[in-house]
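Bear in mind that the values in this text are calculations on the coordinates, not laboratory data. On a predicted model such as this, the values are computed, not experimentally measured, just so you know. So basically every Cβ, Gly included, is an ideal-geometry build from the backbone, and we count neighbours across all protein chains shown.
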Amino acid sequence: MALQIYESEEDVTSAITVLLIGSFCSWLLLNLAFFSTIDKKYIKTFFSRKSAPEYTCELFKTSKEDSQRFDAAFDNRPSFTSKIHEEVKEWVENNADKWIEDGADWLKSR
């Protein structure tokens, strides 16, 4: 489209300006529509400065259920949990027998 505008006989600068302003307005309207339709409690997740590894470690440390902690520790890249590797190792050592004995459903699906 830019090449077509460039090769035309019309004033190129004004055509490109109109195209860029139209693109910006479309982008702005689509963002407004998106943020007005999502669940409001998730808006903060779009503006966090927390990295994926930080979030993964926090999720492991703050989860109440063992299945959630297991998912945080083992369903993500190992590099994400490298800072809490020793804590995860100790947690598994302390709970593995209990999980096997209880027949944890979330562990069977692994």
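Whole-Hz ³J(HN,Hα) for each residue in the stretch 47-57, computed from phi via Karplus 6.51 cos²θ - 1.76 cosθ + 1.60 with θ = phi - 60°, x for glycine and proline: what do you get?
The phi angles translate into 10, 7, 9, 6, 7, 4, x, 5, 5, 4, 5 Hz.
Which angle between 0 and 90 degrees, to the nearest 10, do you get for helix 85-102 versus the longest principal axis of the chain when only C-alpha atoms count?
Approximately 60 degrees, to the nearest 10.
Kindly list the residues of the stretch 39-78 that lie in the label zone of residue 90, defined by a backbone N under 14 Å from the point 7 Å along the Cα-to-C-beta vector.
61
For the stretch 42-83, just say rounded, prolate or oblate: build the C-alpha gyration tensor, square-root its eigenvalues into a ≥ b ≥ c, call rounded for a/c under 1.5, and beyond that prolate if a/b exceeds b/c, oblate if not.
The shape class here is oblate.
For helix 12-37, what angle does its Cα long axis make with the longest principal axis of the chain, in degrees from 0 to 90 and rounded to 10?
It is inclined by approximately 30 degrees.
Starting from the eigenvalues of the Cα gyration tensor, five times each then square-rooted, give me the equivalent ellipsoid semi-axes of the chain, largest first, whole Å.
On the way: eigenvalues 540, 50, 33 Å².
Working through the eigenvalues yields semi-axes of 52, 16, 13 Å.
Please list, in order along the stretch 59-74, the HN-Hα scalar couplings obtained from phi with the Karplus expression 6.51 cos²θ - 1.76 cosθ + 1.60 (θ = phi - 60°), rounded to whole Hz, x for Gly and Pro.
So the Karplus estimates, Gly and Pro as x, are 4, 4, 6, 9, 5, 8, 9, 4, 5, 5, 5, 4, 4, 5, 7, 10 Hz.
Straight distance only, please: which lysines reach the Cα of residue 61 with their own Cα at less than 17 Å, same-chain residues fewer than 8 apart left out?
50, 83, 89
Going from the alpha-carbon gyration tensor of the stretch 48-108, what semi-axes, largest first and in whole Å, does one get by taking the root of 5 times each eigenvalue?
On the way: eigenvalues 100, 27, 17 Å².
Semi-axes (√(5λ), whole Å): 22, 12, 9.
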